[in-house]
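Chemist: Submitted below is the structure of interest, expressed as C-alpha cells.
Values in this text are rule-based calculations from the coordinates and carry no lab data. Just so it is clear, the model here is predicted, and its values are computed rather than measured. Here the Cβ positions follow ideal geometry from the backbone for every residue, glycine too, while neighbour counts run over all protein chains shown.
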Amino acid sequence: MPQSQQSKRSIGWLGLHRGHKARPLEWVTEKFIFLVSLSVIVTVFLIFVFVLREALPIFLGTANSSAVRPVIPPDQLDELSPERLASYLGLSKKEVAETDRETLQLLMELKVEAAAEAPDDKDAKVNTTGWRYILFPYQWTGYDKARFIWQPISQIPKYNIIPLLVGSLKVTLVSLLFAVPLALGAAVYVSQLAPPKWKEVIKPAIELLSGIPSVVLGFFALVVMASFLQWLFGYESRLNAFVAGAALGLAIIPVVFSIAEDALTSVPQSYIQAALALGSTRWQAAWKIVLPAALPGVFAAVVLGFGRAVGETMIVLMASGNASIMSWDVFDSTRTITATIAAELAEAVFGGHHYGILFMIGTLLFVVTFVSNLAGGFVMQHLKGRLEGKK
Amino acid sequence: MTKRFQRHKFDYVSFFCTGLTGAATFLILAILAVILCNVVFHGWSSFSWRFLTGGTERDMFSVENAGILPMIVGTAVRVILMTIFVVPIGVITAIYLTEYAHSTSFFTRIIRGAVNNLAGVPSIVFGLFGLGFFISFVGQNIDAALHISEPLWGKPALIWASLTLAVMTLPVVIIATEESLKAIPSGLREASLALGATKLETILKIVLPQALPGILTGTILAVGRAAGEVAPILFTGAAYYMAHLPKSLTDQFMDMGYHVFILSTQSPNIEQTRPILYATVLALLLLTFALNIVAVLVRTRMRANMRALQ
C-alpha cells in the first residue's frame, strides 16, 4: 500500500525533517498538493456560507416586505444619519454619498407619495418575511380562514413555504414508492439471481439510464408520460405530482440500484455458498442471508435516493404543473422547493426580500440533502467495514 | 431409501420471487428502451446536417430554418472551460488522498466526507452558489476593483457557468482518478523508489502515466454529466436567445439543455415546434450517451490492463 511507504522516522514541524534540505522541491510539492486537496473542504464550506449569506436578512429578521412603513417628512433630510437614510431609501451608502441633495429630497417626497397610494388594509403593514408568516397559516384580507399561501408576486407578497414543502414531499414520496421497489428488485436480481452473462449487459444498461440528462427526462414526462398517465388514470390536471414523481423515479432508479447492488455484492460469497450447501434455493439464500446482511446498505441506498429526489430540479419544474396549492392529493398540480427557486429567482429583485426567501429555501434544501448524504454515507461505510471484517 | 436423495421439491415461492425481481429489472430496461425509441423515432426526421450546423438568425421557433449550432457551441465551450478548471484540482486532490495521506488521518476523513457530500448537493443549490459567490461576490468585486461602472464580470457569464459546473463535477473526477490510482500495483511504486527515484518522480513518471486512462474516464464522465445539466447554469450564464456566438468569457451563451427546456415549456406553438424539440433532444442524448459509452470503454480496457499487470 502507498501509505506504508511513508515511514514515520522523523516528523518535525509541518513534516519538516532532515531530508527536506536535500529535496526542497519534494517538500514544497507535497505541501502544495495538500493545500489543493483542501479546496474540496473549502468549496463545501463556501457553498454553505454564500447561499446562507444571501438568506441572512430572512434568518435574522432584518428584511422588511411591508407595503406601508413609517414615513419620514422630507424636510428632516439633514437630521438623518447617512446609514439611516440609505436604509430608508433602499440605496447603498456609496450611492447616497454620490447623489446630490435635491435628488435625495425628491426621493423622500416620492416615498411620501408612495405611502399615500399604498393599500390601506391591515395586511399592508405586515412584514410577511417574519417566521410567523413563513411557517404558520394566516388569515389574509379576503380569505374566510387562516391559510398557507405562497404568492410572492402580488401586491402583498405571501411567503408561506409549507405548500412548497408539502409539494416536495409529495413528489419525493411518489418517486420513492415507484423507484425503490423496482431498483431493489433489480439489484437483488442482478447481484444474486441473474445468470452472469446477463449481468454484464443489464448493469451498464441501467447505468445508461443515469446518463440521461434530467432535462430530457423532464421533457419525456411533459410530452409523453403526462398524456399517457392521464389516459390511464383519467385524472383532471395533466401535469401533477404523480407525473413528476414517476419521472423523478426514473432519475433515482440508477442511484438506488447501484448503491444497493454494491451493498449486496459486498456480502461475502461464503455466506451464499454455505446457504446453498445446506440446500436452500438461490432466492432463499438471497432473501434470508444476503438481504439481512446488507440491510443497512439497502437503507443507505433509499436515503441517498431520497436526497437525490428532493434536490432534483428540471424534472419537477417541467412536469409538476407548478401551482403552489396546499393539498395532499397527488393528482393536483404541485410546486416543489427546487422548481420554485428555478422558476422565480430570475424574476426576483436582486437583494430583495423575495430573493432572500429563495436563498433561504435553498439553504434548507442544502441542509436536508447534506444530512441525508451524511447519514447514507456513514451507514454504507460502517456496513462495508463490518462485512470486510467478517470475511 | 433412494427416494430421499432425489432432487428437492420444486419451490414455488422461490420461482415466483425470482420472476418478480427479474420482471422489475426488465421493466426498468423496457422504460429505458421506450424513452430511447420514442426520441429516435420522432427526432430522426428533423435531424440533419443542416439542423446541426444551422444558426438561429431568423427565428428560433421556426421549423424550416431551425438550427442548433449556437447551442452546440455554447455547450461545448462551457464544458471545455469546465474541464480546464476541474481536472487539475481533481487529479491533485486524488493524488493527495491515495499517495500522500494516511487513510486514517483527520484531514483525509474530512476530505473524503466533503467529496461525498459535494457529490450529493442538489444541482439547483450549485446554481444559487454560482449566483451568490461567483457573480455577486467575486464578479462584482472585480468590477469594483477595475472601476467598471457597467456590470461586466458581475453578471451571468460563460466563465461563471463553467466554474459552477467545475465545482459540481469535482467529486466525479476525484473519485474516478482515485479508483485508477488505487488499482496501480504498489510493486511498481516500490520498484521505482528502490531504484532511487524520489516520491515526486515516482508519481510523475510511474504512477500518473499508468493512471491516465482513469483520469480520462473521470474527465469524460464529468463532461457527460455537465453537458446535460441545466439547473446550475440557469442563473449563471445560459441565455434564452442570443443573436451571436459567445465571443468572450463574460458573454452569455445558448445551451442545448436549456434550449430543450425552452422549447418544451415556452414554445408559442408546442405542436408545431415538436419536431425541432425532438431533434434537439436527440442531439443532446447522442452527445451524453457517446461520452458515457466512451468512458465505459476506456474504463473496461484500463481494468483489463491492470489485471494483466497484477
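Chemist: Taking 0.36 nm per residue of sequence separation and subtracting the Cα-Cα distance, how much length would be gained by fully extending the chain between A:LEU38 and A:PHE59, in nm to one decimal?
Modeler: Gain on stretching A:LEU38 to A:PHE59: 4.6 nm.
Chemist: In degrees from 0 to 90, rounded to the nearest 10, what is the angle of the helix A:241-265 Cα long axis to the longest principal axis of chain A?
Modeler: 40 degrees
Chemist: Using the structure shown, select from A:LYS288/B:LYS182; A:LYS384/B:LYS205; A:LYS203/A:LYS288; A:LYS31/B:LYS182; A:LYS111/A:LYS145 the pairs with a Cα to Cα distance greater than 26 angstrom.
Modeler: A:LYS288/B:LYS182; A:LYS384/B:LYS205; A:LYS111/A:LYS145
Chemist: At 222 nm, what value in deg cm²/dmol follows for chain A if DSSP H runs of at least 4 each add -39500 (n - 2.57) and the sum is divided by all its residues, to the nearest 500?
Modeler: Dividing the helical sum by the residues of chain A leaves -19500 deg cm²/dmol.
Chemist: Could you identify which residue out of B:PHE129, B:PHE85, B:PHE106 has the top mean-square fluctuation in a GNM of chain B using Cα springs shorter than 10 Å?
Modeler: Ranking B:PHE129, B:PHE85, B:PHE106 by mean-square fluctuation puts B:PHE106 first.
Chemist: Beta carbons within 10 angstrom, averaged per residue: use that to sort the peptides A:49-62, A:165-178, B:162-175, highest first.
Modeler: So the order, starting with the most tightly packed, is B:162-175, A:165-178, A:49-62.
Chemist: Same structure again: What is the spread of the Cα atoms of the range B:141-219 along each of their three principal axes, largest first, in whole Å?
Modeler: 61, 25, 13
Chemist: Report the semi-axes of the equivalent ellipsoid for the range B:190-310 in whole Å, largest first, where each axis is √(5λ) for an eigenvalue λ of the Cα gyration tensor.
Modeler: 44, 19, 9
Chemist: Taking a cut-off of 30 Å, what percent of all Cα-Cα pairs in the range A:162-390 are separated by more than that?
Modeler: 33 percent
Chemist: Moving to a separate point now. As a test of understanding, state the convex hull volume per residue of the range A:125-243 from its alpha carbons, in Å³.
Modeler: That works out to 174 Å³ per residue.
Chemist: Going 7 Å from the Cα of B:SER248 toward and past its Cβ, which residues in the range B:131-154 have a backbone nitrogen under 20 Å from where you end up?
Modeler: B:134-154
Chemist: Quick one: compute a quarter of the convex hull surface over the Cα atoms of the range B:88-191 and quote it in nm².
Modeler: 8.6 nm²
Chemist: What FRET efficiency do you get for A:LYS384 and B:LEU69 if R0 is 41 Å and r is their Cβ-Cβ distance, rounded to the nearest 0.05?
Modeler: After rounding, the FRET efficiency stands at 0.30.
Chemist: Report the FRET efficiency, 1/(1 + (r/R0)^6), for A:VAL224 and B:LEU27, where r is their Cβ-Cβ distance and R0 is 22 Å, rounded to 0.05.
Modeler: 0.85
Chemist: So what is the diffusion coefficient of chain B in µm² per second by Stokes-Einstein at 4 °C and 1.567 mPa s, using a Kirkwood Rh over Cα pairs?
Modeler: Answer, rounded: 57 µm²/s.
Chemist: Separate question: Tell me, what is the percent relative contact order of chain A, built from C-alpha pairs under 8 Å that lie six or more residues apart?
Modeler: The value is 20 percent.
Chemist: Just B:ILE72, B:ILE84, B:ILE31 to compare: in a GNM of chain B, with alpha carbon springs under 10 Å, which one fluctuates most?
Modeler: Largest GNM mean-square fluctuation: B:ILE31.
Chemist: With a 10 Å cut-off between alpha carbons and a GNM built on chain B, which of B:GLY43, B:GLY90, B:GLY54 moves the most?
Modeler: In the Gaussian network model the winner is B:GLY54.
Chemist: Run the Debye formula on the Cα coordinates of chain A, all scatterers equal and no solvent, and tell me log10 I(q)/I(0) at q = 0.06 1/Å.
Modeler: Scattering profile of chain A, log10 relative to I(0): -0.40.
Chemist: How big is the dipole moment of the range B:1-160 about its Cα centre under a simple scheme where the beta carbon of each Lys and Arg is +1, that of each Asp and Glu is -1, and everything else is neutral? Debye, nearest 20, please.
Modeler: With only Lys, Arg, Asp and Glu charged at Cβ, the dipole is about 1120 debye.
Chemist: Averaged over B:28-40, how many beta carbons belonging to a partner chain fall within 10 Å of each residue's beta carbon?
Modeler: 5
Chemist: Moving on to the next point. Take the alpha-carbon positions of the range B:123-170, form their convex hull, and give its projected area averaged over all directions (one quarter of the hull surface) in nm².
Modeler: Projected area, direction-averaged: 3.1 nm².
Chemist: Pick out, in residue order, every one of the GluC sites (Glu not before Pro) in the range A:282-391 that is DSSP loop and has at most 16 other C-beta atoms within 10 Å; say none if there are none.
Modeler: A:GLU347
Chemist: Under DSSP H, which helices of chain B have Cα atoms covering 15 Å or more of the helix axis and a Kyte-Doolittle average no less than 0.0?
Modeler: B:12-43, B:69-95, B:106-120, B:158-183, B:208-228, B:270-309
Chemist: Moving on to the next point. Take the alpha carbon atoms of the range B:103-158, find their center, do the same for the range B:269-310, and report the distance between the two centers in whole angstrom.
Modeler: For the range B:103-158 versus the range B:269-310, the Cα centre distance is 28 Å.
Chemist: Quick check: residue separation of B:LEU188 and B:THR104 times 0.36 nm, minus the Cα distance between them. What number comes out in nm?
Modeler: 27.9 nm
Chemist: Related question: Show which aspartates and glutamates lie in cross-link reach of A:LYS125 when reach means a straight Cα distance below 15 angstrom and same-chain residues fewer than eight apart are skipped.
Modeler: Reachable aspartates and glutamates: A:GLU117.
Chemist: Relative to 2.2 N^0.38 Å, what does the C-alpha radius of gyration of the protein assembly as shown come to as a ratio? Two decimals please.
Modeler: Expressed relative to 2.2 N^0.38 Å, the Cα Rg reads 1.08.
Chemist: Largest first and to the nearest Å, give the Cα extent of the range A:258-321 along each principal axis.
Modeler: Reported extents, whole Å, longest axis first: 55, 17, 13.
Chemist: Here's another thing I want to ask about it. Can you give the angle from 0 to 90° between the axis of helix A:295-311 and the longest principal axis of chain A, with both taken from C-alpha atoms, to the nearest 10?
Modeler: 30 degrees
Chemist: Right, here's the next one. Two decimals, Cα atoms only, Kirkwood Rh: what is Rg/Rh over the range A:204-258?
Modeler: 1.03
Chemist: Which FRET efficiency value, to the nearest 0.05, do you get for A:GLU236 and B:SER62 by plugging their Cβ-Cβ distance into 1/(1 + (r/R0)^6) with R0 = 35 Å?
Modeler: The pair A:GLU236/B:SER62 has a calculated efficiency of 0.55.
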